[in-house]
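The values are calculated or read from the model by the stated rules, or taken from the named source; none is laboratory data. If you're wondering where the values come from, they're calculated on a predicted model, not measured in any experiment. Cβ placement follows ideal geometry from the backbone for every residue including glycine, while neighbour counts extend to all protein chains displayed. Surface areas here come from the heavy atoms of the whole protein model, side chains and all, with no ligands, DNA or RNA. Shrake-Rupley method; radii C 1.70, N 1.55, O 1.52, S 1.80 Å.
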Amino acid sequence: MAALLMAMLAFAPAAWAQNYPAKTIRIIVHSAPAGSSDILARLLAQKLTEPLGQQIVIENRAGASGIIGADVAAKAPPDGYTLLMTQTSLAINPSMFAKIPYNAIRDFAPISQIVVGPNALVVHPSVPATTVKGIIALARAKPGSLVIGSPGNGTSPHLSAELFKTMAKVDMIQVQFKGAGLAVVSLLSGEIGVMFPTPPTVMQYIKAGRLRPLGVTGRNRIEAMPDVPTIAEAGVPGYEATQWFGVLAPAGTPRPVIDRLHQEIVKVMRAPDMKERLAADGLEVVASAPAEFAAHIKAETEKWAKIIKAMGIKPE
């Protein structure tokens, strides 16, 4: 009887995977609509519907720099029917907030880091600066006159801006919005003058001439804007800040389910049309394995802890 029970327990995960998925899957996005996480989640959901044979719905749970949505996902049943589209803020938040209701490393099962890319330093056309050196000079001539918008405390655009202020030695006021979409609306209206968003969030406005890109935050220029220099080469040597996005499941999700999801996500992300689409928005496909993504989250958490401490930012 004992041997039979052990055999049945060993067979259960495989049987689960064979029947998975049997109903609608939801992807929680822990940021507001119109941001890069939301764009990527909807694009991925559209492409995964056919191979998985089930509808995939997007649920935006914005607030508290992504903590609210991540907490909902962490506490969801570990059955593969609730996933989380996450980003760099998952690794940043432990150093920005004194209390978080989940453990970013312990409470999630990584599936895949899907893409990585820089943010972009963009300004409203009314800002009289056309280069990185120009905006540094403007900020130094009129300290506190330039207002930067970000999608929330602890987000990659927020810390990209803080790192820029520190390394460029400039005084610029930063205003927090409830999501990238609202910050971009204020930037387009001229209510704020500067922002460090991910390229997909603002690319259409850059192409239309409604926003002016001055630099990208990564180590290299991007295919989508080859004439826009990196901030490091344009006036702030050594500056670099990138943002990544990936898919997680609640910890305890059966391994065969994780493997199935990983397999399908990697196929979608490595398809030539997907790579081309994302490159046009300044994003590079990663499509990593679960173990690689887990190691990346751990390394990023440690890296940002050191950076945040060096910048003198205290946890809230």
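General observations
- Selection status of GLY179, under 19 Å from the mean Cα position of the chain (by Cα) and either aliphatic (A, V, I, L, M) or under 18 Å from ALA32 (Cα atoms) (or both): yes
- Among the residues of region 236-271, those identified as outside any strand (DSSP E or B) and hydroxyl-bearing (Ser, Thr, Tyr) are TYR239, THR253.
- Flag if LYS99 is part of a helix (DSSP H, G or I), over 28 Å from GLU233 (Cα atoms) and out of contact with any strand residue (DSSP E or B) (no Cβ under 6 Å at 6 or more places or on another chain): no
- Qualifying positions in region 155-185 - open to solvent by 10 Å² or more (accessible area, probe 1.4 Å) and over 20 Å from ILE308 (Cα atoms): PHE177, LYS178, ALA180, GLY181, LEU182, VAL185
- Check on ALA287, among the small types (Gly, Ala, Ser) and either open to solvent by 60 Å² or more (accessible area, probe 1.4 Å) or in a helix (DSSP H, G or I) (or both): no
- Test for GLU233: is it open to solvent by 70 Å² or more (accessible area, probe 1.4 Å) and not in a helix (DSSP H, G or I): no
- Scope region 236-274; condition in contact with a Phe, Trp or Tyr (Cβ under 8 Å, 6 or more places away or on another chain), open to solvent by less than 10 Å² (accessible area, probe 1.4 Å), aliphatic (A, V, I, L, M) and within 25 Å of ARG106 (Cβ to Cβ); matching residues: LEU248, ALA249, VAL257
- The lone exception for LEU188 - which of (1) over 21 Å from SER36 (Cβ atoms); (2) part of a helix (DSSP H, G or I); (3) open to solvent by 30 Å² or more (accessible area, probe 1.4 Å); (4) modelled with pLDDT of 95 or more it fails: (1)
- Region 68-87 residues that are under 19 Å from SER112 (Cβ atoms), paired with ones that are part of a loop (DSSP other than H, G, I, E, B) and among the charged types (D, E, K, R) (beta carbon under 7 Å, 6 or more apart): GLY69/ARG61; ALA74/ASP107; TYR81/LYS23
- Condition check for GLY215: in contact with a strand residue (DSSP E or B) (Cβ under 6 Å, 6 or more places away or on another chain), closer than 22 Å to SER95 by Cα and at pLDDT 95 or above: no
- Selection from region 37-76 of residues that are assigned to a helix (DSSP H, G or I), farther than 21 Å from LYS275 by Cβ and open to solvent by 50 Å² or more (accessible area, probe 1.4 Å): ALA64, ILE68
- Some residue of region 273-283 being assigned to a loop (DSSP other than H, G, I, E, B), in contact (Cβ under 8 Å) with a residue 60 or more places away in the chain, touching a helix residue (DSSP H, G or I) at 6+ places or on another chain (Cβ under 9 Å) and aliphatic (A, V, I, L, M): yes
- Among the criteria (1) surrounded by fewer than 21 Cβ atoms within 10 Å (Cβ to Cβ); (2) in a loop (DSSP other than H, G, I, E, B), the one GLY152 does not fulfil is (1).
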